[in-house]
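Report on the structure given below.
The values are calculated or read from the model by the stated rules, or taken from the named source; none is laboratory data. Model, not experiment: these values are computed from the prediction. All Cβ positions, even for glycine, are placed from backbone atoms using ideal geometry, and neighbour counts span all protein chains on display. Please note that ligands, DNA and RNA were not included when accessible areas were found on the heavy atoms of the full protein model with its side chains. Shrake-Rupley method; radii C 1.70, N 1.55, O 1.52, S 1.80 Å.
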Amino acid sequence: MKLLPPLSYDKRFRAVLGQRIRGFRRQKRLTQEALAKAIGCSAYTVLRYENGDILPSLKRLLRLREVLGV
């Protein structure tokens, strides 16, 4: 089994997590603005999560889980 370099893994992880966040948000029929308000951040931050630019903090990740029902 070939191990991925940490940076490559991090990019892939961020991308997959972002896709999942976007998918669950759309299933709940929430806008980025509505999700942002529910978890206590800006819509731009939600956009960055969904694009895989940044990872949410553990606190925000837990709040995302609550709001999105996953």
Please go through region 58-70 and give me each residue that is in contact (Cβ under 8 Å) with a residue 24 or more places away in the chain and either open to solvent by 50 Å² or more (accessible area, probe 1.4 Å) or assigned to a loop (DSSP other than H, G, I, E, B) (or both), ordered by number. R63, G69, V70
Per the filter on region 40-57, residues open to solvent by 30 Å² or more (accessible area, probe 1.4 Å) and acidic (D, E) are D53
Before we move on, is R20 open to solvent by 70 Å² or more (accessible area, probe 1.4 Å), of a type outside the set (S, T, Y), at pLDDT 95 or above and part of a loop (DSSP other than H, G, I, E, B)? no
Sole residue being open to solvent by 80 Å² or more (accessible area, probe 1.4 Å), without any contact (Cβ under 8 Å) to a residue 40 or more places away in the chain and assigned to a helix (DSSP H, G or I), chosen from K37, K11: K37
